[in-house]
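The values are calculated or read from the model by the stated rules, or taken from the named source; none is laboratory data. Remember, it's a predicted structure, so these values are computed and weren't measured experimentally. Virtual Cβ from ideal backbone geometry, glycine too; neighbours counted across all protein chains shown.
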Amino acid sequence: MSANAQFAQYVEDNIRGIGEDPAFLGMTNIWLREAIRHNYAQNFTWLGRPIIQVPQDQYAIQELIWTVRPDLIVETGIAHGGSLILSASMLAMLDYCDAVETGQPLDPRASKRKVVGVDIDIRPHNREGIEQHPMAHKIVTIEGSSIAEDIFAKVKAQAEGHETIMVFLDSNHTHDHVLAELELYAPLTSKGSYCVVWDTGVEDLPDAMCADRPWGKGDNPKTAVWEYQKRLADEGRTGADGEPLKLELDKTIENKIVITASCDGFLRRV
């Protein structure tokens with residue numbers, strides 16, 4: 001076995017050990033609860049734009065994009081735009097690395113890789129921040145409800161001609177809304193790619209922590225994922241490519257990063 005293979009096996013064993021350590025994972029849940037109390041996830045930026053995610057989830061995004069190499073990322077929920085900038089910057093990095101490997105000139109605006117972001121309310125100062133960013137040429141924003149028929153039709157139109165699609169769902173966190181998003185957007189996910197549902201961790205929080213929100217324990221992204229998984233098992237679905245849609249929970253990712261807002265939220269199409 002090569003040195004690289006030995007190290008990969010070492011890391012795999014580490015990750016498996018974490019997943020089998022309930023005491024360690026329990027401490028993580030406590031940490032996350034206290035981090036939310038301090039609004040920890042709102043303290044960070046990506047290339048200058050606020051990104052409301054814990055850094056470990058940002059790192060997971062980087063690994064997913066590098067591994068899958070999508071040419072389209074669809075995101076619901078924009079907020080300040082930091083997540084769009086993160087995705088766009090990773091797609092730009094793929095463009096750069098392709099140019100280095102092939103020896104072809106790099107033309108940033110010629111690449112078909114792009115990010116489509118959907119939000120019901122793109123506030124003017126956030127839109128301005130996104131549109132003035134150097135990564136803006138890789139970003140398309142669509143304003144409206146992510147589950148509205150006309151809005152999804154615009155997303156589908158943007159997806160035409162793309163081969164490898166990744167999906168991030170991070171808008172309204174109620175069960176019904178996320179379930180409706182999964183029905184619409186999960187089928188866009190390409191084989192081997194991911195549909196990531198953010199903030200599934202709401203299910204694991206004390207009731208009082210979501211008292212001012214329309215979502216909470218029993219009504220949140222994780223319960224929507226569970227219901228959608230049941231529908232896939234009982235009724236079946238097909239992807240946008242016409243092939244059977246099979247999504248498995250990738251626990252390896254959350255066991256690797258440990259601190260995540262999205263336990264049971266990393267869905268890999270197989």
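Quick one: is Asp176 of a type in the set (Asp, Glu) and over 15 Å from the mean Cα position of the chain (by Cα)?
So Asp176 fits the description; yes.
Can you report the number of residues in region 157-170 which are surrounded by fewer than 18 Cβ atoms within 10 Å (Cβ to Cβ) and either among the acidic types (Asp, Glu) or free of Cβ contacts under 8 Å to residues at least 24 places away in the same chain (or both)?
3
Being free of Cβ contacts under 8 Å to residues at least 12 places away in the same chain, within 30 Å of Leu205 (Cβ to Cβ) and hydrophobic (A, V, I, L, M, F, W, C) is true for just one of Ala99, Ala35, Ala148. Which residue is that?
The match here is Ala148.
List the helices (runs of 4 or more DSSP H) that sit entirely inside region 1-76 and contain at least 2 residues that are buried (at least 17 other Cβ atoms within 10 Å of the Cβ) and touching a strand residue (DSSP E or B) at 6+ places or on another chain (Cβ under 9 Å). Don't jump to the end; show me each part of the working.
Numbers: elements: 3-19, 22-37, 55-68.
By residue number, 55-68.
Specify which of the listed residues (Lys256, Lys230, Lys222) is among the basic types (Lys, Arg), part of a helix (DSSP H, G or I) and farther than 23 Å from Ser146 by Cβ.
Result of the check over Lys256, Lys230, Lys222: Lys256.
Among the residues of region 28-45, is there at least one that is charged (D, E, K, R) and in contact with a helix residue (DSSP H, G or I) (Cβ under 8 Å, 6 or more places away or on another chain)?
Scanning region 28-45, I find at least one residue that is charged (D, E, K, R) and in contact with a helix residue (DSSP H, G or I) (Cβ under 8 Å, 6 or more places away or on another chain), so the answer is yes.
In region 134-155, what residues are surrounded by fewer than 16 Cβ atoms within 10 Å (Cβ to Cβ) and out of contact with any strand residue (DSSP E or B) (no Cβ under 8 Å at 6 or more places or on another chain)?
If the condition is that a residue be surrounded by fewer than 16 Cβ atoms within 10 Å (Cβ to Cβ) and out of contact with any strand residue (DSSP E or B) (no Cβ under 8 Å at 6 or more places or on another chain), then Pro134, His137, Ala148, Glu149, Asp150, Ala153 are the ones that fit.
Give me the pairs, please: first residue somewhere in region 6-17 and under 19 Å from Glu254 (Cβ atoms), second residue anywhere and of a type in the set (Ser, Thr, Tyr), beta-carbon distance under 8 Å, and either six or more positions apart or on two chains.
Short answer, once both residue conditions are applied: Ile15/Thr252.
Restricting the search to region 212-232, which residues are at pLDDT below 95, of a type in the set (Lys, Arg) and surrounded by fewer than 15 Cβ atoms within 10 Å (Cβ to Cβ)?
Hit for region 212-232 is Arg213, nothing else.
On the basis of being out of contact with any Lys or Arg (no Cβ under 7 Å at 6 or more places or on another chain), in contact (Cβ under 8 Å) with a residue 12 or more places away in the chain, surrounded by 21 or more Cβ atoms within 10 Å (Cβ to Cβ) and within 20 Å of Val68 (Cα to Cα), does Tyr185 make the cut? It would help to see each step written out before you state the result.
Values: out of contact with any Lys or Arg (no Cβ under 7 Å at 6 or more places or on another chain): yes; in contact (Cβ under 8 Å) with a residue 12 or more places away in the chain: yes; surrounded by 21 or more Cβ atoms within 10 Å (Cβ to Cβ): yes; within 20 Å of Val68 (Cα to Cα): yes.
Judged against the criteria, Tyr185 is a match.
Would it be correct to say that Val196 is part of a helix (DSSP H, G or I), buried (at least 22 other Cβ atoms within 10 Å of the Cβ) and touching a Gly at 6+ places or on another chain (Cβ under 7 Å)?
In short, no.
Under 7 Å by Cβ, and 6 or more places apart or on different chains, what pairs join a residue from region 202-224 that is within 18 Å of Thr28 (Cα to Cα) and touching a residue at least 12 places away in the same chain (Cβ under 8 Å) with one that is of a type outside the set (D, E, K, R) and assigned to a strand (DSSP E or B)?
Val202/Gly216
Within region 100-122, can you find the residues that are crowded, with 16+ Cβ neighbours inside 10 Å and in a loop (DSSP other than H, G, I, E, B)?
Ser111, Arg113, Ile120, Ile122, listed by residue number.
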